[in-house]
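Worksheet: the structure to be examined is printed underneath.
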Amino acid sequence: MEVNEAEPTTRFESAWESDMSLQGKVALVAGATRGAGRGIAVELGAAGATVYVTGRTTRERASEYGRPETIEETAELVTRAGGIGIAVPVDHLVPDQVGALVDRIRVEQGRLDVLVNDIWGGELLFEWDKPVWEHNLDNGLRLLRLAIDTHLITAHYALPLLIERPGGLLVEVTDGTAEYNAQHYRNSPFYDLAKVAVNRMAWAHAKDLEPHRATAVSLTPGWMRSEIMLDVYGVTEQNWRDAIEQVPHFAISETPRFVGRSVAALAADPEHARWNGQSLSSGALATEYGFTDLDGSRPDAWRYIVEVQDAGGPADTSGYR
């Protein structure tokens, strides 16, 4: 199987990693089987963190996705990158499983410095461009549970451990910045609500965490070359540009490791409290912190989407990566 998260090989990656240190830090990436969650977990590992990675697909049991990626594979990538990866199968809709996970982290590590809520699982459920009366109701409601309930359940159990030490960081991963989502309809009421809710959720958590000297942000990748997206376009990470002919704006896409570097940069920033309650993007944080994607480029997808794609312009990434 093709794995996107190749080991660091370029001068850009080496320079980035030398500036990062999360040695001694403990992170939980909830929803790390593939995509953004995997990219985030690997980059936290590359910075030296101990990373618990959760999901529903293991080498013994697959979720309804039927995909080959597993949490064990993610944990191995974390360790290979330089951290300590620990895979724990968890269904984040089951409170007892989440509670047991946090209890385990408390016993084994005695701390939690970074919580990343990347649980999703809705790709097979939403129906593009359908109003609520045409969209399958069961699928839509399931999507909302996967996108919202899972994040709240995980926060309920994990945040008490996070706030025991000052400086904790909660990252709520979504699709679209708060500004973009407030002004654009995201294709169906269910998907729209799911993505807007996570932005607002981070803002609300920020209010509760601030007195405990902890920080909450929402974070969106750009057009991400996840394993699923690459399969949809029939390409791999090695030849992804072949898909530009059929989908020109795919030229602005980024690897899952790019958003991973966003989280690693935030976690390593001793002044990340300045971002508390804000909606952030991988492209904007790359400009702020100076990191690049694996190929040395710096794609700013959400600026591109507004100024080029949504404006009906031709696919030209000049000045955007």
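Arrange Ser262, Ser297, Ser318, Ser226 by Cβ neighbour counts within 10 Å, fewest through most, would you? Don't skip to the answer; put the middle values down first.
Working: Ser262 30, Ser297 16, Ser318 6, Ser226 22.
Lowest to highest Cβ neighbour count: Ser318, Ser297, Ser226, Ser262.
Among the helices of the chain (complete DSSP H runs), which have Cα atoms covering no less than 20 Å along the helix axis and a Kyte-Doolittle mean of at least -1.0?
On the way: long enough: 95-109 (21 Å, -0.39); 189-209 (29 Å, 0.00).
Those that clear 20 Å and a mean of -1.0 are 95-109, 189-209.
In this simple spin-label approximation, Ser297 and Val247 carry label points 7 Å from Cα along the Cα→Cβ vector, and these lie 1.5 nm apart. From least to most packed, judged by other beta carbons within 10 angstrom and beginning with the fewest, Val102, Val198, Val107, Val51 follow the order Val107, Val102, Val198, Val51. Partner lysines whose Cα lies under 23 Å from the Cα of Lys195, excluding those fewer than 8 positions away in the same chain, are identified as Lys130, Lys207. Legend: calculated FRET efficiency, Val132 to Arg80, from the Cβ-Cβ distance at R0 = 51 Å, rounded to 0.05, equals 0.70. Protection proxy ranking, highest mean first, for peptides 34-43, 56-65: 34-43, 56-65, where packing is the per-residue count of other beta-carbon atoms within 10 Å, averaged.
The amide H of Lys25, built 1.01 Å from its N in the peptide plane, has Thr50 as neighbours under 5 Å, considering only residues 5 or more places off or on other chains.
Sorted from fewest to most neighbouring beta carbons within 10 Å, what does the list Lys195, Lys207 look like?
Working: Lys195 22, Lys207 11.
Ranked by crowding around the Cβ, least crowded first: Lys207, Lys195.
Shape of the chain from the C-alpha gyration tensor: rounded (a/c under 1.5, with a ≥ b ≥ c the square roots of its eigenvalues).
Once backbone amide H atoms are built at 1.01 Å from N, Gly168 has Thr215 as its partners under 5 Å, excluding neighbours fewer than 5 places away on the same chain.
Each Cα pair under 8 Å and six or more residues apart adds its sequence gap; the mean of these over the residue count of the chain is a relative contact order of 19 percent. Highest average first, the peptides 238-244, 304-310, 23-29 ordered by how many other beta carbon atoms sit within 10 Å of their residues are 23-29, 304-310, 238-244.
Taking every DSSP helix (H) stretch of at least 4 residues in the chain, weighting each as -39,500 (n - 2.57) and dividing the sum by the residue count yields a mean residue ellipticity at 222 nm of -11500 deg cm²/dmol.
When the chain is treated as a GNM with alpha-carbon contacts under 10 Å, the residue of Leu162, Leu124, Leu77 showing the greatest mean-square fluctuation is Leu124.
Considering only Gly82, His184, Ser63, and ranking their Cα positions along the charge dipole of the range 11-309 that arises from unit charges at the beta-carbon of Lys, Arg, Asp and Glu, the one farthest toward the positive end is Gly82.
Where a number appears in this text, it was derived from the coordinates with a stated rule and is not lab data. No experiment lies behind these values; they were computed from the predicted model shown. All Cβ positions, even for glycine, are placed from backbone atoms using ideal geometry, and neighbour counts span all protein chains on display.
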